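Each remark here refers to the structure printed beneath this line.
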Amino acid sequence: MNAGDVDLTARLGPLVLKNPVATASGTFGYGLEFTDYVSLASLGAITVKGLSLRPCLGNPPPRICETDAGMLNAIGLQNIGVEAFLTEKLPELHARGATVIANVWGDTEDEFRSVVERIGDDPRVAAIELNVSCPNVVKGGMVFGNDPAALGALVSAVRPLARRPLIVKLSPNVTDIVACARAAVDAGADVLSLINTLVGLAIDLETREPKIGFTTGGLSGPAIRPVAVRMVWEVRRALPGVPLFGIGGIETAENVVEFLIAGADAVQVGTASFRDPGLAGRLVREVAEWCARHGVQRSSDLVGTLKTRPRAEHRYA
Amino acid sequence: MNAGDVDLTARLGPLVLKNPVATASGTFGYGLEFTDYVSLASLGAITVKGLSLRPCLGNPPPRICETDAGMLNAIGLQNIGVEAFLTEKLPELHARGATVIANVWGDTEDEFRSVVERIGDDPRVAAIELNVSCPNVVKGGMVFGNDPAALGALVSAVRPLARRPLIVKLSPNVTDIVACARAAVDAGADVLSLINTLVGLAIDLETREPKIGFTTGGLSGPAIRPVAVRMVWEVRRALPGVPLFGIGGIETAENVVEFLIAGADAVQVGTASFRDPGLAGRLVREVAEWCARHGVQRSSDLVGTLKTRPRAEHRYA
Amino acid sequence: MPVNETLRILRTVRYDAKHYSLFLQAGRVGPATLPGQFAMLQAGDGLRPYLRRAFSVADVATLAGVPCIEFVVRVVGVGTEALGRFAEGTPIPVLGPLGTPFPIDDLRVSDRVALVAGGIGLAPLVLLARRLAERGVPADLFYGGRNESEVLKRPDFERLLGAPRCRYATDDGSLGRRGLVTDLLQAALDAGTTYRRVFACGPQAMFRTLAALLARTGTDASFALESEMACGFGVCLGCVVPGRDGRFLTVCKEGPCLPPSAIDWGAV
Amino acid sequence: MPVNETLRILRTVRYDAKHYSLFLQAGRVGPATLPGQFAMLQAGDGLRPYLRRAFSVADVATLAGVPCIEFVVRVVGVGTEALGRFAEGTPIPVLGPLGTPFPIDDLRVSDRVALVAGGIGLAPLVLLARRLAERGVPADLFYGGRNESEVLKRPDFERLLGAPRCRYATDDGSLGRRGLVTDLLQAALDAGTTYRRVFACGPQAMFRTLAALLARTGTDASFALESEMACGFGVCLGCVVPGRDGRFLTVCKEGPCLPPSAIDWGAV
Ligand SMILES: Cc1cc2nc3c(=O)[nH]c(=O)nc-3n(C[C@H](O)[C@H](O)[C@H](O)COP(=O)(O)OP(=O)(O)OC[C@H]3O[C@@H](n4cnc5c(N)ncnc54)[C@H](O)[C@@H]3O)c2cc1C
Ligand SMILES: Cc1cc2nc3c(=O)[nH]c(=O)nc-3n(C[C@H](O)[C@H](O)[C@H](O)COP(=O)(O)OP(=O)(O)OC[C@H]3O[C@@H](n4cnc5c(N)ncnc54)[C@H](O)[C@@H]3O)c2cc1C
Ligand SMILES: Cc1cc2nc3c(=O)[nH]c(=O)nc-3n(C[C@H](O)[C@H](O)[C@H](O)COP(=O)(O)O)c2cc1C
Ligand SMILES: Cc1cc2nc3c(=O)[nH]c(=O)nc-3n(C[C@H](O)[C@H](O)[C@H](O)COP(=O)(O)O)c2cc1C
Ligand code: FES
Ligand code: FES
């Protein structure tokens, strides 16, 4: 089989992507910064930086630091605002053939509703992704993301206004990811994205200050991949019919395949795009090659095929 | 100042250690396996493999796999049982001058109580550490560790029987680590250890099976350090009087100092002892050297000295 | 238009235990680079360092006839350590040229400018000196370092600018004047020299003093700033400095070369 | 008593793209090693690979007069890849010798033993062949590989054991018989040869076939097993195989050399 013969289509409920390799919010700018390195049209989708109703200035620096096999960030959701995005960025994204996911957030339920309303049924937006899980805000996301009831309430409030497919992006900083997933789905989410960053802290020993101005930051990169794969698998097992984006530490085609087998219908490449801005484009080809090498005709045939063994209870001597 | 002049004493409530570098349960065997590489008496403490009432056989292999900057394990708490430990291992540990922490677990509250009772007031055991957080069991630990109420009930049940200082080791797989910490302390824990492993999954793409026989495993190593440091800081801030062991991805003296600054009174070295069995002993010296270089007379002066800045709310343009 | 390419190491020249020059094939990055721009270099394919590191393009020249880019590096951590240990021929992923260069297009031979370097801040000034020399714009160098051996690439500066135009300050007085580089510039200004523009690169403390000094004299300036970077091309928003207008400026895109007047030094 | 020391690379000899021998200074590990024991090697100080990797000590000898330990390595992933790329002189942290060796103390010159190697499983058999030869115990080698070029260290085996005692099987018939190494042994047993003990190292499938074969003939045996290891010295309990008695055996401490009868092959 040739890589060209592999059907890469990824179906996530109402959202159909040409392939399962998308990019993650906050790691791909507004997409247009990447046109030198990758053809936007070749990607499954691009998710843009989290948009709020008004332009947001973000947190005072330092905002990022490297950690082992990853990084911490507390950008504070700096963005140009939904209005500027729709008028200044979206037309060119559309012209370039990009499948655009608009990641959105608010400090309050009202703000969430207003951003979603502003996008309306704009067909140039393939889907809306609610970021209920950004850990870098004082009020806002955190409150919704880590409590199934609050999360359900938020999604219920937004759902009627969302006239595009609705993705809810979950926080991994919870005891029970399945409860959060269920709350979001019961409230009307079409697709779930998991995971956002884990909350972490790193300290500058000389100043005894956090390396991140906000004190804590979101941990991303290869370090978190096993946690992300586990959560995708847990949600897939509990809610087999729910379409999922897998996110967390993806760097290689093998990583993409691992998420698909765990139960993700598609993935989003995050931090690794900083290391190599051309990565996502290359992964599309490499996933096809992996499938061809392994005789997999449709990449969607991989989804959720993890074979688990029964778990034994403790045996004593 | 010379390294020899630094006072390394670590005071954790009723538990006083000669220095803040201990070893973590499950990564240091029963201690005696390390005598070729480190003088046990030179360490702050050694924590032995989790002991149960009866010898436990553990999980079928594969039990471990490497991940980026860490590893997954699901040993299934294989151990020789508390009886064999007390009669076959403890005498030699004691003769060698080791400060011994007995990590214990049970499938039920009754089993927890019985192990703790069996240890009684044996003065050769410096402290008892309850593992309420091992994620690799079907019943048992998990249930207690991730729910503050269940955790509090367990600690309350065990506390009256514990005649040695009582440490409770917390699971990081929770939404609110402070709630768990508070429940344990309210129920009578003298000291808290944090963190145990994060639950993760890694997949063998060729077989489409989990790389770990138990499906999921506990993620340890440098990958989890930022999460551990954050949780230590959160608990320290919320419960400033509670003595803490910091655990998670410690490899260098700088890592030890980072945990101390975040709020740990002492640390436990885990997975890194597999990489280098002599590490913990070297860290004792290197922490002293770090303190000397930085004019820190007592390593305990570092504890909880993180200087945080006020967190700003979102500012909009 | 930045290029994402892999360039081989042509040579590594060590100055001392902490400093070296790294010569890479010029690739497409070299010819496209303007003074003050930088590149993101990946040191190895491992996890430590994980992210690319930012380095000013110090010079674009030839090495034994082969077109090359030069980086001058101070070892401060894993990335700068690793980059200095690679063998000749090792392929290094390079993304560049990046960022806003020093503004020099409007300068004429009748203008006189100052180059102010503190420590490793010399790096972007070599290529700047070269371009100014090519265009005949007279430039005075003020270069401060800890001691004589930490003053790097002196022959290049003196060849490009003329030795009399190069003044040095060292902490221990081992070269030039004992003291700070900003004292040197102050002295020159006090002596009545006026500069059409001051180009500077160095540590935070130097920038602060210099910003105050230049604000007083109303001298136009461009500072090549640094900050921790994850991407280098404006998408992570990690590298920002607080601007005068309350907004944050990306050092990688709006900078690294920024007028000091654009920055809120009180908030840095 | 294992030693935790750092030994320098003396030489790396490549056989083909996937196989090489790594010669380290013997240190204190070398002289202490018995056949069948292994060492844990750290490949670099980075995070990938993170844990040490286990390798049988293939031989303890001298290289240009310098005492050395030899490892024969097949490249399968990051660790084996990295170890093969280091320059001569690179210091490698080594923990060893580890584990239970092949049982040979009771063997006499009147005994005859068999060495069975599958693929990279040749590694521990070289030192074994050397010690057996030193003690005059006659040993037949049965060695199976994919093709001739994957049959490694043939000259060593033939010098130590005598060429006529060395029999080969390859998948493609390019050396010796076409087929499996277990077929070779089967043929020898069928021809009436009896062995006091069979020493074997190879892939899981070979072990399984061999275990069944030897159980049928009631032949005593010792298998040098492999499994994923985190520590190598009995503390992580990660490397276990299911034992006949329902317990789990640590491959690193109770093994790697174990009698096949101790293992529950149905549960492996
Ligand atoms: C636009 C730009 C141009 C630069 N040009 C050069 C150059 O020409 N030559 C040169 O030697 N260095 C230059 N730097 C600095 C260089 O990027 C850092 O020294 C390097 O990233 C440190 O990497 P590391 O892995 O060795 O150290 P790390 O282990 O990452 O860090 C070690 C220490 O350096 C600090 N640090 C890390 N990154 C930076 C940074 N970007 N700026 C300031 N401090 C930092 C860290 O906070 C830490 O305290 C430049 C930086 C920028 C942003
Ligand atoms: C006691 C013992 C002795 C050994 N002796 C030798 C030897 O002399 N020469 C040699 O080339 N190899 C030997 N091995 C195997 C060697 O340890 C592995 O090939 C090595 O760990 C793989 O590391 P890696 O980083 O290259 O691959 P990884 O990226 O870690 O793994 C690549 C693949 O190899 C598998 N693998 C990893 N470790 C092992 C293992 N220990 N056994 C089997 N499969 C594994 C993984 O599951 C994965 O599928 C020995 C193993 C043991 C336990
Ligand atoms: C610098 C940075 C900024 C981010 N900003 C956002 C954001 O605005 N909205 C959001 O939903 N997720 C954001 N994320 C989270 C990522 O989309 C992704 O979920 C996370 O980084 C895990 O994936 P990774 O390990 O591949 O990076 C951000 C991550 C990083 C590193
Ligand atoms: C192989 C292995 C076995 C472990 N067994 C136990 C155990 O029996 N009881 C326990 O409380 N923690 C156990 N742990 C958790 C460690 O004690 C420690 O909390 C965790 O590994 C994080 O620290 P690290 O990153 O330094 O390894 C085990 C960890 C590993 C890697
Ligand atoms: S470094 Fe990423 S925006 Fe500047
Ligand atoms: S490898 Fe750790 S016990 Fe065997």
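What the table below lists for this structure:
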| read-out | value |
| --- | --- |
| Candidates D:ALA267, D:ALA191, D:ALA230 - the one that is modelled with pLDDT under 95 and within 14 Å of another protein chain (Cβ to nearest Cβ) | D:ALA267 |
| Hits in the range C:152-178 - residues which are surrounded by fewer than 15 Cβ atoms within 10 Å (Cβ to Cβ) and either of a type in the set (A, V, I, L, M, F, W, C) or farther than 25 Å from C:ALA133 by Cα (or both) | C:ALA163, C:ASP171, C:ASP172, C:GLY173, C:ARG178 |
| Contacts under 8 angstrom Cβ, first residue in the range B:204-217 being in contact (Cβ under 8 Å) with a residue 12 or more places away in the chain, partner surrounded by 17 or more Cβ atoms within 10 Å (Cβ to Cβ) and among the β-branched types (Val, Ile, Thr), 6 or more apart | B:LYS211/B:ILE203; B:ILE212/B:ILE64; B:THR216/B:VAL199; B:GLY217/B:ILE64; B:GLY217/B:THR197; B:GLY217/B:VAL199 |
| The range B:57-116, subset out of contact with any Pro (no Cβ under 7 Å at 6 or more places or on another chain) and polar (S, T, N, Q), residue farthest from ligand 3 (Cβ to nearest atom) | B:THR87 |
| Close pairs from the range B:66-83: first more than 15 Å from B:GLY26 (Cα to Cα), partner away from ligand 4 (no atom under 11 Å from the Cβ) and part of a strand (DSSP E or B), Cβ under 7 Å, at least 6 apart | B:THR67/B:GLY200 |
| Single condition B:ASP7 does not satisfy, out of (1) within 14 Å of chain D (Cβ to nearest Cβ); (2) touching a Lys or Arg at 6+ places or on another chain (Cβ under 6 Å) | (1) |
| Hits in the range B:236-266 - residues which are aliphatic (A, V, I, L, M) and under 15 Å from the mean Cα position of the chain (by Cα) | B:LEU244, B:ILE247, B:ILE250, B:VAL256, B:LEU260, B:ALA264, B:ALA266 |
| Unmet criterion (only one of (1) without any contact (Cβ under 8 Å) to a residue 24 or more places away in the chain; (2) away from chain A (no Cβ under 14 Å); (3) in a helix (DSSP H, G or I)) for B:GLY241 | (3) |
| Matching residues in the range B:164-197 - criterion: being surrounded by fewer than 24 Cβ atoms within 10 Å (Cβ to Cβ) and out of contact with any helix residue (DSSP H, G or I) (no Cβ under 8 Å at 6 or more places or on another chain) | B:PRO165, B:THR175, B:VAL185, B:ASP190 |
| Residues of the range B:84-101 satisfying the condition of being touching a residue at least 40 places away in the same chain (Cβ under 8 Å), small (Gly, Ala, Ser) and either within 16 Å of ligand 6 (Cβ to nearest atom) or surrounded by fewer than 24 Cβ atoms within 10 Å (Cβ to Cβ) (or both) | B:GLY97 |
| Members of the range B:44-76 that are of a type outside the set (Gly, Ala, Ser) and more than 7 Å from every other protein chain (Cβ to nearest Cβ) | B:ILE46, B:THR47, B:VAL48, B:LYS49, B:LEU51, B:LEU53 |
| Residue count for the range B:80-103, restricted to those that are within 14 Å of chain A (Cβ to nearest Cβ) and within 20 Å of the chain's Cα centre (by Cα) | 4 |
| Qualifying positions in the range A:62-77 - surrounded by 24 or more Cβ atoms within 10 Å (Cβ to Cβ) and out of contact with any His (no Cβ under 9 Å at 6 or more places or on another chain) | A:ARG63, A:ILE64, A:THR67, A:ASP68, A:ALA69, A:GLY70, A:MET71, A:LEU72, A:ASN73, A:ALA74, A:ILE75 |
| Selection within the range C:46-94 - basic (Lys, Arg), within 23 Å of A:CYS65 (Cα to Cα) and more than 16 Å from ligand 5 (Cβ to nearest atom) | C:ARG48, C:ARG74 |
| Residue match in the range B:201-220 (condition: on the phi > 0 side of the Ramachandran plot and either within 14 Å of chain A (Cβ to nearest Cβ) or not basic (Lys, Arg) (or both)) | yes |
| Filter pass, B:GLY76 being under 26 Å from B:ASP265 (Cα atoms) and away from ligand 1 (no atom under 16 Å from the Cβ) | no |
| Check on C:ASP245, acidic (Asp, Glu) and in contact with a strand residue (DSSP E or B) (Cβ under 7 Å, 6 or more places away or on another chain) | no |
| Any hit, the range D:115-133, residues being of a type outside the set (Val, Ile, Thr), away from ligand 5 (no atom under 16 Å from the Cβ) and in a loop (DSSP other than H, G, I, E, B) | no |
| Some residue of the range C:211-225 being closer than 24 Å to A:TYR30 by Cα, surrounded by 18 or more Cβ atoms within 10 Å (Cβ to Cβ) and small (Gly, Ala, Ser) | no |
| Unmet criterion (only one of (1) more than 7 Å from every other protein chain (Cβ to nearest Cβ); (2) over 30 Å from A:GLY106 (Cβ atoms); (3) of a type outside the set (Val, Ile, Thr)) for B:PRO310 | (2) |
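Residues are listed down the side, and each one gets a yes or a no for (1) within 16 Å of ligand 5 (Cβ to nearest atom); (2) within 22 Å of C:VAL73 (Cβ to Cβ):
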position: C:LEU161; (1), (2): no, no
position: C:GLY176; (1), (2): no, no
position: C:LEU184; (1), (2): no, no
position: C:ALA191; (1), (2): no, no
position: C:GLY202; (1), (2): no, yes
position: C:GLY234; (1), (2): yes, no
position: C:CYS252; (1), (2): yes, yes
position: C:PRO260; (1), (2): no, no
position: C:TRP265; (1), (2): no, no
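The values are calculated or read from the model by the stated rules, or taken from the named source; none is laboratory data. If you're wondering where the values come from, they're calculated on a predicted model, not measured in any experiment. Backbone-built Cβ (ideal geometry, glycine too); neighbour counts: all protein chains shown.
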